[in-house]
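Have a look at the structure below before the remarks.
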């Protein structure tokens, strides 16, 4: 259980990154609706969609992990494969965590471009739509956006050894990001009432993100803390793969 | 120092990537931020596609929940847990799946119903039967307390097919995007300058005489005259030529052209809904909406294919039911249904054609419908009209021979005597003389001699300009002795005589259009037979055909003769295209497999043409044929590919080697691949005469299409 608390906290700290990246979406989503209750409802639906995507990723990755290594006793090939998977997941997490922690200078662009335009184009179609299902759809797609934080916890889910554990890892992370994103959305609704009506959802989105950017120093700290959490969790996962079985880390 | 992310503001760090967006280099800390940035800074568009995406998202939410519970069931997470009995999970799944079917099955059901109304079975029918069978069987299982539930299958089939639909819709949207500026004519907003100041109005509200302000970089939305300001306009949307045209007060601007860096004030000459831009948009839209014969053939084939697939699925289910349990048999039958879905077959042809029509339109070429593209690709022979098509239909002096008096004397006299004449030969000669710098006051007693020439008095001395017969009466010396070279075939000679002697000879010929020789040579090297059909006499036609290297020619043809000759040719060689100016050869253009006219696409006189190329742009002709062939190849390759893919997948499914979910994923992938292949095959574009005419890359010319910048 303590692992999930750790992951939840990492999610809370990591939302410093989420707000920068996705906070603008949350603001814009609430902006078109009349009244406080409608804003809250849209935010809840959006975040439910987002967290569901995370849970889904976690469960699928966890399930794939178990399929890959199978279930085996001590000393079997399956056991070795499971430990190898945990070790590589842990390494990947440490790698991502260190990126958040420090600033290495060598840069290499990610080779991920396939389908990117389509996702961003799709999101653009949803942002201004008045339908109640639009924030849900937006949340689902938002949850599938590539993000190093998600990669890190998906890696942990893959190494977790079971479908349920995978789901819980990603679920705990998603819930950790929930409060900050909800606040960002509520702030969006609040700012909208204070300001004069903006011409277009995208323009509004840009102006609202300004407030999130203002807390840059604070957010930078948050991201560092999240990086530290990920490194610790990565080391635990790594240890589960590397250390002998008797080290009693399995329950962590 | 590490740069910070252009989107979220955090230090870009190690995963940083550099992207050029809007021509500015930016750093992003992760790919997600890069996407989010593009999303935020693009324009909001295509609201009609949004509802489909909402379905995908909401359906995805439900389907992910179904998958979560199903995965946990498979993994045995609920086993031995008394608090959450399996039966309860099944009921939850039933609830989720019912909601999912309600959200996602609608479009497929209405598609199936529509097809059924037309007396056929479509791809939608297969999806409906497959998904509803899985859902119904599982629902029955839940109610009767059986353990066999396949809600995850029903959910994933529906979601994946909806995703496939969405990808197809996006592909169409992208294909249409290249022609978007052309279609935007009637939706444009203009700034009208009134006595009370500037008002923004829709273009339809513009009346002739209104003053319109056009800002730098804005698209001009009216046809009219520049009142004030200087700028340069890119008129490529209308002419296909991207070279900027300078505009100053008094010049005409055309709706659809893109204003350069200056601010212009324009007086509209026609109503806003009647500009060439708007009319062109209507024609392009019409062309895009015409269904191609190949597309229709595919639809017919699919409708015959579907009942067969249903039978095969039933047979497969029956076969497996006799060997394994009913649930397994049902899943196998379902896989067959799903994998045989001919979605991508119906997608390849329209997508590639729309792209082709769009690309042609960007160069000012109007192709009237996808069937025209198909016929263009099948051509065996191209027949040309002469005057106005290969030649400019305008006489020009090609040579001036004089005796010892020298050209200057002859030119001066021509200028003085012939400048008042309206005869085409006289005008061509005078134009040439002025071009050479001769300028003088008109002669006295100038008199036109109908059918022969013109005469006048210069310093008391009679000067005659005209035909050989006319000057023969002045100077009896045989002309053949006076000039060393004969007048070439197809050319006309005009003589100048004064003082009782012939002193000069002008040789005039119809001017060959630039690029005519190259166009004919390119067509021939592409394996097409070229033919010259003209109403002019053989002495004019034969040398031209020889100069251009035509395979064959026919002269002195009436319009009916041309139609007859064309029919003969197509009976022997196969489909023949006729290239004309579209004004007086309507019947021939209509009779040809493809009628190609030069000129302004919005001119009603060119109604009978299938393809309209900007006036004088013979160089575009080989390009448009190559385009048609490229589209043709891409469509064939895609159809072949889709058929092969379906056939292999079908065999695997019937053998029971494919899960329905995998099958649905394969089909969505097939749609995605066909879309991507079509977009890429027709996007990799070779501009016509790129070096010579300085075509810009497509992305630079169609600013409206630049939504995503990498």
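Nothing in this text is a laboratory measurement; each read-out follows from the coordinates by a stated rule. All of these numbers come straight from a predicted model, not from anything done at the bench. Note that each Cβ is placed from the backbone with ideal geometry, even for glycine, and that neighbours are counted across all protein chains shown.
Overview of results
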quantity: Two-decimal log10 I(q)/I(0) for the range B:377-431, as the Debye equation yields it once each C-alpha is a single scatterer, q = 0.16, 0.19 Å⁻¹; calculated: -0.63, -0.77
quantity: Radius ratio Rg over Rh of the range B:382-522, counting only Cα atoms, Kirkwood formula for Rh; calculated: 1.02
quantity: Percent of C-alpha pairs per 5 Å bin, the range B:446-559, short to long; calculated: 2, 10, 16, 16, 13, 11, 10, 9, 7, 4, 2, 1, 0
quantity: Relative exposure of B:678, B:467, A:131, B:634, judged by other C-beta atoms within 10 Å (fewest first); calculated: A:131, B:467, B:634, B:678
quantity: Range of Cα positions in the range B:82-172 per principal axis (Å), largest first; calculated: 51, 29, 16
quantity: Nitroxide proxy distance, nm - points 7 Å out along Cα→Cβ at residue B:120 and residue A:131; calculated: 2.8 nm
quantity: Size descriptor, Kirkwood hydrodynamic radius, that averages inverse alpha-carbon separations across the range B:206-321, Å; calculated: 17.5 Å
quantity: Residue order, fewest to most surrounding Cβ atoms within 10 angstrom, among B:554, B:322, B:51; calculated: B:322, B:51, B:554
quantity: Compactness relative to 2.2 N^0.38 Å, alpha carbon Rg of the range B:324-398; calculated: 2.22
quantity: Taking N as its residue count, the alpha carbon Rg of the range B:91-132 over 2.2 N^0.38 Å; calculated: 1.30
quantity: Reciprocal of mean inverse Cα separation for the range B:634-677 (Kirkwood radius, Å); calculated: 10.8 Å
quantity: Per-q log10 I(q)/I(0), the range B:493-543, q = 0.14, 0.23 Å⁻¹ (Debye; single scatterer per alpha-carbon; no solvent); calculated: -0.59, -0.98
quantity: Modelled FRET efficiency - R0 41 Å, residue B:452 with residue B:561, Cβ distances, 0.05 increments; calculated: 0.85
quantity: Computed lengthening from residue B:286 to residue B:647, 0.36 nm per intervening residue step minus Cα-Cα distance; calculated: 126.4 nm
quantity: For the range B:320-458, Kirkwood radius (reciprocal of mean inverse C-alpha pair distance, Å); calculated: 22.4 Å
quantity: Calculated diffusion of the range B:116-239, Stokes-Einstein form, Kirkwood radius summed over Cα pairs, 37 °C and 0.692 mPa s, µm²/s; calculated: 162 µm²/s
quantity: Scattering curve values for the range B:517-568, log₁₀ I(q)/I(0), Debye with Cα scatterers, q = 0.15, 0.20, 0.23 Å⁻¹; calculated: -0.41, -0.70, -0.86
quantity: Exercise: per-residue mean of other protein chain Cβ atoms within 10 Å, A:46-54; calculated: 2
quantity: Inter-label distance, nm, simple model (7 Å from Cα along the C-beta direction), residue B:102/residue B:74; calculated: 2.7 nm
quantity: Rough spin-label spacing in nm, given labels placed 7 Å along Cα→Cβ, for residue B:636 and residue B:487; calculated: 5.1 nm
quantity: Neighbouring partner chain Cβ atoms per residue of B:58-71, average, 10 Å criterion; calculated: 6
